[in-house]
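The values are calculated or read from the model by the stated rules, or taken from the named source; none is laboratory data. All figures in this text were calculated on a predicted structure; none of them were measured in a lab. Neighbour counts run over all protein chains shown; Cβ positions are idealised from the backbone, glycine included. Remember, those area values only see protein heavy atoms, side chains included, never the ligands or the DNA or RNA. Shrake-Rupley method; radii C 1.70, N 1.55, O 1.52, S 1.80 Å.
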Amino acid sequence: MKEKYLRNLEFYKILAKAQQYCVCPQAAQRMQQTTACTDLEEMRHALRMTDAMTTRFLRLGAPRLSRVEGVVEIVHRAEKGGVLSMAELLEVGRTLKNFEALGGWYHGQEDAGVQSSPVLDDLFYSITENPGLSRGIFDSILSETEMADSASDALYDIRRKIRSAESSIRDRLEGMIKSPNTQKYLQDAVVSLRSGRFVVPVKAEYRGEIPGVIHDVSSSGATLFVEPSAVVELNAKILQLRSQEQEEIERILSVFSDAVAAMQPLFEVSYDGMLQVDQLLAKARLAADQAATMPQVVSGYGFSLLHARHPLLDKKKAVPVDITIGKEYDTMIITGPNTGGKTVSLKTAGLLLAMASCGFLIPASERSEVCLFREILVDIGDEQSIEQSLSTFSGHITNIVEILREAGPDTLVLLDELGAGTDPAEGASLAVSVIETLRQRGSRIMATTHYGELKVFALETEGVQNASCEFDLETLRPTYRLSVGVPGRSNAFLIGEKLGLPDAVIERAKQHLSAEDQRFETVLGQLEDLKLQIKEDQAEIERLRGLAETQLNAARQQREELIEQGKQELAAARKRAKELEQKVQDAAYGLMDEMKELQKKERLSAEQKLQRARQIARKDAPAITAGLGSEPEVKNYRPLTSVKVGQVVVIADLGRNATVKSLPDKNGMVEVLCGAIKTKVPLSSLMEAAVPPAKKRSNPKYRSGAGSLDVTRSPAMEINLIGLTADEAVMEAEQFIDSAVMSGLTQIYLIHGKGAGILRKALHQMLKTNKSVKSYRLGNYGEGEAGVTVVQLK
């Protein structure tokens, strides 16, 4: 795009604002030389990079960069064998620190939840850090003129010797100036330096009293600066050490220069990447300042700028406008009063399209669409020139001639006050002709005018749209709003009346209007009223739509909250159920352990065992049933007055089934078998068990091998021990057997698999000694065969 047209659009003011945000002068210089993209993909990529950088900048702030300049030239000199100065090395060190800062800013924020952006990855990965060299430079060089003692061991040793020699000289000279024998020869009791040597001020008349070398004379000649003979040798030694010091410094600088030269190829790429990042950060800062967004880039030559603001106006005061060209129409004719915002609308469209083509985000809605024009041709402003003998009209015509030469399908033409500055009739005809010529060449056109003929042309011509800048007749001030579809009115009579022009003058002026002009103004007035009514209706529709969206969002949020609350309550219920299950299981195992201990105590009588069993039941029953949330099911039992051997009864105190083993003795005690425990209980504590309803007998799925007892296998009768160690399997099996005995099961299945037989052997060894086991065998066909052990319980 030509500089002349971009300057008319004030594009370089945008570049100047972006330059202020650049840290490095070379980045600012590159920003000043920014050019438009040449194809759509390049434009999309540039906008995506700026958008990604803006997003990261808004979340993390800017990285800390130091101002560096001319570093590439410094590195080139080192590559050619030059020894860099301390100032130059510090500049290289600051640049390397910038590389490290950018790497940490981009790659070091993933732990904070800020992910890298694919569109920026290549740029940041091109920046190679060298923390060792930068640390070495800053550790060794304290300033542009001072090298640290720690730069090398040799330098440290040399400077130590220099300090020691200087200390010796000061001690000798201090002793001399304080001595009564020499004080009378001295002008002052001070030690000073002349030509790098320590001297004392001796009175001229006593020059022979203090032997030594005269290095300087005062301007009056009354004082001689003498290096006493006693320190001549030490001063010479210091000069020699100073020479060695300088040689060591040169050697250190040479080593650093070689290290800088070695990284030259990677350094140039990294430096270029740093400058690009600096430019992108400047664009990001500008976008944040303007509240800019990334528009959509579309093919073709049409654009739609929604809620667009001029970027150089105060964003709090600028009135947004909607400008669309290239879809339903290719030409927009903007009319309205002066200072109403017509020219600002032209500049807004042209400037935002130019910014987007250079990778800048634009102050418009993110739903806006932009395209890439080869050229934006502009004729805006007063083009009169006294030097070139050009009037305003001549200046405009000169520009239009140039625009007509360059116009084509890939150009946008912006014309301000087309046809102005000459006879209105001829100017209007010329304006219509220019627009028709540009349309024939395929250009997209925006033009401002006061001519009524152009308003009629827009109404009658397909593809040409009228637009107007609104004017408030009550306040006599423009609103700067752009209304598309309705031509603007000059409102000259109304404005004159408001400002106090006599009614007679206005009426006489109206008489000079032709009938057609009057009818046209009347139609425009009706259209203006209709437009205002439509705008009020649209505002009400937007208000209702916004209200509906707010209510819908609130309902959705409430729904999400209820769903989340339900999930939390369900999770809490599951957690409580799991805890209760574990509590019940622990209590049951504890109860079984106590019952086993009770069974082992042979010294206790049956009555004592019964009493102890009741205590255990009373103690643990509440712990087992605590937190169940509902009352346990109460079974209805019928008390017994007599029993038979083998009869199944219920021990009322325990609520457990038992089998009668003997008839009541003389004390009314009945021997019963409860699980694996044989004990005696009073006949009065036995109840008749509820008889379950008879079930239709079906063919058993599993049959015990040799016996005639049919047992139907269920999941509660088996335990899978595959995958456990032998010890773990034995422990789990023992607990399962105890639980089965307490549940009244007579047959269970231990699933151990075939494998090497380790689990099977360990389990069979345990079954041999378990008092609750009546017998055991391997499974038959259909039961799991050698992978399952079938256990008969007592």
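When the scattering of the range 208-360 is computed by the Debye formula from its Cα atoms alone, each counted once and equally, what is log10 I(q)/I(0) at q = 0.11 Å⁻¹?
Once normalised to I(0) and log-transformed, intensities are -0.71.
Please calculate how many Å² of accessible area the range 308-382 carries per residue, with a 1.4 Å probe and no DNA, RNA or ligand atoms counted. Can you show the working numbers first?
Details: 2430 Å² over 75 residues.
With the other protein chains kept in place, the range 308-382 gives 32 Å² per residue.
Any chance you could look up the accessible area of Glu369 with a 1.4 Å probe, heavy atoms only, rounded to 10 Å²?
Glu369 exposes around 50 Å² with every protein chain in place.
Can you report the principal axis dimensions of the range 51-206 using only the alpha carbons, biggest first, rounded to whole angstrom?
The principal-axis extents, from largest down, are 84, 38, 27 Å.
Could you order the peptides 743-753, 151-161 from most to least packed, using the average number of other C-beta atoms within 10 Å per residue? Kindly include the intermediate steps, with their values, before the conclusion.
Working: 743-753: 18.9, 151-161: 16.5.
Sorting 743-753, 151-161 by mean packing, highest first, produces 743-753, 151-161.
Under a 1.4 Å probe, what is the accessible area of the range 128-219 per residue, stated in Å²? Don't skip to the end; give the middle numbers.
Values: 5410 Å² over 92 residues.
Dividing the accessible area of the range 128-219 by its residue count gives 59 Å².
Just to confirm the filter: which chymotrypsin sites (Phe, Trp or Tyr not before Pro) across the range 73-110 are DSSP coil and have at most 11 other Cβ within 10 angstrom of their Cβ? The partial results should precede the final answer.
Values: sites: Phe99, Trp105, Tyr106; in loops: none.
Qualifying residues, ordered by number: none.
In percent, what relative contact order does the range 1-107 have, based on Cα pairs under 8 Å that are 6 or more apart in sequence?
Numbers: 51 pairs, mean separation 25.4, N = 107.
The value is 24 percent.
If I stretch the segment between Asp258 and His764 completely, what's the gain in nm (0.36 nm per residue apart, minus their alpha carbon distance), one decimal? Working shown, then result.
Values: separation 506, 0.36 × 506 = 182.16 nm, distance 8.02 nm.
Between Asp258 and His764, full extension yields 174.1 nm more.
Distance cut-off 31 Å, Cα to Cα: go down the list Lys13/Lys317; Lys583/Lys644; Lys2/Lys315; Lys2/Lys283; Lys13/Lys316 and report the pairs above it. Could the numbers behind the result be given before it?
On the way: Lys13/Lys317 19 Å; Lys583/Lys644 38 Å; Lys2/Lys315 28 Å; Lys2/Lys283 22 Å; Lys13/Lys316 19 Å.
Cα-Cα > 31 Å for Lys583/Lys644; rest within.
When only C-alpha pairs under 8 Å and at least 6 residues apart count, what is the relative contact order of the range 166-221, in percent? Don't skip to the end; give the middle numbers.
Values: 46 pairs, mean separation 14.3, N = 56.
The value is 26 percent.
Quick one: accessible area per residue over the range 1-114, 1.4 Å probe, rounded to a whole number of Å²? Please list the in-between numbers first.
Details: 5500 Å² over 114 residues.
Per residue, the range 1-114 has 48 Å² of solvent-accessible surface.
List the residues, sorted by chain then number, that are 5 or more residues from Arg194 or on another chain and whose placed amide H is less than 5 Å from its amide H.
Val199
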